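Colleague: I have a structure I would like to understand better, so I am pasting it below and will then ask my questions one at a time.
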């Protein structure tokens, strides 16, 4: 193809089917703060109870709808000696931090397909303080994910499915998978930009695709974005205005690699008067900003590059934690692997 | 108004008149790197010649279209003892750094209305290596700005007008001002988000307004964004896909307060094969990242708050350079002033 074919001044309307206006608020919107869970990937799931309790109180005062506490990882697969307690989020640990707390956000946990003993480790809802079970799956784990959805629904939970790394999945297969989830008992289907490679047009196009399937099954949509290209907040807004209801955020952007959409940015945008930014600043002041002294997360050039290349952030995380060579060297390394 | 009136599930299509597609490139697009000029507001306009030359070479290899060198500030108003040389960008200084350089980006300077001796300090184009004169103006300085446009056009330059702090201007007056510029001899009219307060819907709405006026006068549009809410890149993309041609960026986001749209993010997005990210990484490695040891810029909570409040970043810049109290204290201070 000659480069002439790539030149375009074509005018083409893109129609955004917006729900709501910039001044209204939508009663279907739920902010899900996953600071402990996605941030756990930064701190190896070590957060002491005092911090988790302070965060719970802050989210409660801020009006945040859900607080995700961690993974329900299998202790047969992952050693409790090697990970902090929020890798496993036992009922006992959750109840201890929530003990004596005033009413606040609903509680969510995440279970990775094939990395969890969900039959035994996820209790019946009647025996648990957890409200929402989120199942994270790659597309090839779909049959397991469907069984996990059924298991959690049968136990009485609200259930969400996070189909990871959507940017690497063949479009036809993705549409089929979303259709299968739309036919399942799941409540919420998440668009997940694991590699932080989406631009706004791409986000809108995915939301359109997911939405048409989700509507058929009466499901709600969610979005989980990463900030590799400084677009986590922006993509979350685009998904929101196109009708996505569940918005994943983390306080101060604390999350794997480049981190996530900041809860405090999102609450500043949302018009529902129940949301407040100030309580989050206090927990940032006291607990999350001080973490920056020892832990690394947030936008940086290596994360930008893995986002631009649409690859897993792992090499960037490795570089940021122990830089070997310059940014240019890192780029050259990625090019060699490409 | 009861809160019920604020609840909305209304479906309303927003039609984006896009120019081009995600896979094509637009021959009208110009990337204007203003690292030295907007970054000068961070370094007090002190950049040594070696760094400026390295940046010029990097931008040249990266395919960037314009390099902005600094302001043409009046030495009668600003003391040369108190500011680095890029506050004044004399022809002599510009020629010295460009001496022996291979052909590269076109050269731009900025002149602030009422802070420049443009009649004398802007030479005739035939006597200067500058290609583009950009005039920065507040709306109340419009008559001066028009005289500056005429002066620069008469001298033979390409001329752009940057109408600052658009988010604080009455909508009717803004439309009138853009209409007046569209009738002038200016070549490019810039939408400027000085306070970093725009969201994508707002950006699209402003671009629509500017575009309808600009088209009548046969003018091109430009965008200059700030990153207070991590939306500089995203807003620049939105303006671009709606037909904006001139895109302001800075390497590593170096610019006042929360900084700007990163040049390296923008070049990663643009599909024109003449743009390359790698040369920018080298100048980041060697000159710009090391600046972070002594200078402060880039997204942080106080900039987010001034963006959310739609106020000038000055209090946030002051806090970041000399923090007094917590983020919460800073928030409380802003609320008192509001």
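Colleague: To check you understand DSSP bridge types, tell me what percent of the beta bridges within the protein assembly as shown (both residues inside) are antiparallel, rounded to 5.
Modeller: 10
Colleague: Also, I was wondering about something else. Rg and Dmax of region B:172-250 over Cα atoms: what are they, in angstrom?
Modeller: Values for region B:172-250 (Cα only, Rg and Dmax): 11.8, 34 Å.
Colleague: Specify the residue with the greatest mean-square fluctuation among A:173, A:264, A:81, computed from a Gaussian network of chain A linking alpha-carbon atoms under 10 Å apart.
Modeller: Of A:173, A:264, A:81, the Gaussian network model singles out A:81 as fluctuating most.
Colleague: Could you line up B:278, B:95 from fewest to most neighbouring Cβ atoms inside 10 Å?
Modeller: In increasing order of surrounding Cβ atoms, one gets B:95, B:278.
Colleague: Quick one: in region A:56-189, what % of C-alpha pairs are over 27 Å apart? Display every interim value, and only then the final one.
Modeller: Values: 2032 of 8911 pairs.
That fraction is 23 percent.
Colleague: So if I take the centroid of the Cα atoms in region B:21-45 and the same for region A:217-291, what is the distance between those two points in Å?
Modeller: Each part's Cα centre sits 28 Å from the other's.
Colleague: Here is a further query. Of A:276, A:119, A:312, which is the most mobile in a GNM of chain A whose springs link Cα atoms less than 10 angstrom apart?
Modeller: Fluctuation is largest for A:119.
Colleague: I've got another one for you. Please report which chain A residue places its beta carbon nearest the axis carrying chain A onto chain B, with the distance rounded to a whole angstrom.
Modeller: A:234, 2
Colleague: Inter-copy label distances at residue B:21, 7 Å along the Cα→beta-carbon direction, one decimal in nm, shortest first?
Modeller: 3.4
Colleague: Further question on the same structure: Tell me, rounded to the nearest percent, the portion of alpha carbon pairs in the protein assembly as shown spaced more than 39 Å apart.
Modeller: Numbers: 74328 of 228150 pairs.
Here the tail beyond 39 Å accounts for 33 percent of pairs.
Colleague: When only C-alpha pairs under 8 Å and at least 6 residues apart count, what is the relative contact order of chain B, in percent?
Modeller: The value is 18 percent.
Colleague: Considering only DSSP beta bridges where both residues belong to region B:26-291, give the percentage that are antiparallel (nearest 5).
Modeller: Of those bridges, close to 5 percent are antiparallel.
Colleague: Please compute the contact order of region B:131-288 in relative form: average sequence separation of alpha-carbon pairs under 8 Å and at least six residues apart, divided by the residue count, as a percent.
Modeller: Working: 271 pairs, mean separation 25.4, N = 158.
Reported relative contact order: 16 percent.
Colleague: By its C-alpha gyration tensor, with a ≥ b ≥ c as the square roots of the eigenvalues, how is region B:233-338 shaped: rounded for a/c under 1.5, else prolate for a/b larger than b/c, else oblate?
Modeller: Oblate shape, in that a/c is at least 1.5 and b/c is the bigger or equal ratio.
Colleague: What does the copy distance list look like for residue A:41, label position 7 Å along Cα→Cβ, in nm and ordered from shortest?
Modeller: 3.5
Colleague: Right, here's the next one. What order do you get for B:231, A:254, A:191 when you list them from fewest to most C-beta neighbours inside 10 Å?
Modeller: On the way: B:231 32, A:254 29, A:191 26.
Starting with the residue having the fewest Cβ neighbours, the order is A:191, A:254, B:231.
Colleague: Then there is this: Mind checking which of A:157, A:319, A:206 has the largest fluctuation in a GNM of chain A, springs on alpha carbons under 10 Å?
Modeller: Per the Cα network of chain A with a 10 Å cutoff, A:319 tops the list.
Colleague: Once a ≥ b ≥ c are taken as the square roots of the eigenvalues of the Cα gyration tensor of chain B, is the result rounded (a/c under 1.5), prolate (a/b larger than b/c) or oblate (a/b not larger than b/c)?
Modeller: rounded
Colleague: To continue, here is another question. Can you give the Rg/Rh ratio of region A:1-126, where Rg is from the C-alpha atoms and Rh is the Kirkwood radius?
Modeller: For region A:1-126, the value is 1.20.
Colleague: For the protein assembly as shown, what does the helix formula give at 222 nm: sum of -39500 (n - 2.57) over DSSP H segments with n ≥ 4, over the residue count, nearest 500 deg cm²/dmol?
Modeller: My calculation for the protein assembly as shown gives -11500 deg cm²/dmol from helical runs alone.
Colleague: Also, quick follow-up: Nm distances between the label at residue A:127 and the same-position labels in the remaining copies, 7 Å along Cα→Cβ, shortest first?
Modeller: 8.9
Colleague: What is the mean number of Cβ atoms from other protein chains located within 10 Å of the Cβ atom of each residue in peptide A:14-22, rounded to a whole number?
Modeller: Counting Cβ atoms of other protein chains within 10 Å of each residue's Cβ and averaging gives 6.
Colleague: Additional query: Going by how many other beta carbons lie within 10 Å of each one, how would you line up B:250, B:24, B:116, fewest first?
Modeller: By the 10 Å Cβ count, ascending, the order reads B:24, B:116, B:250.
Colleague: Beyond 24 Å, what share of the Cα-Cα pairs of region A:124-271 is found? Please give it as a whole percent.
Modeller: Details: 3207 of 10878 pairs.
So the pairs more than 24 Å apart make up 29 percent of the total in region A:124-271.
Laboratory data are not the source of any read-out in this text; all were calculated from the coordinates shown. Note that the coordinates shown come from a computational prediction; the quantities given were computed from them, not determined experimentally. Cβ coordinates were reconstructed from backbone atoms using ideal geometry, including for glycine residues, and neighbour counts include every protein chain displayed.
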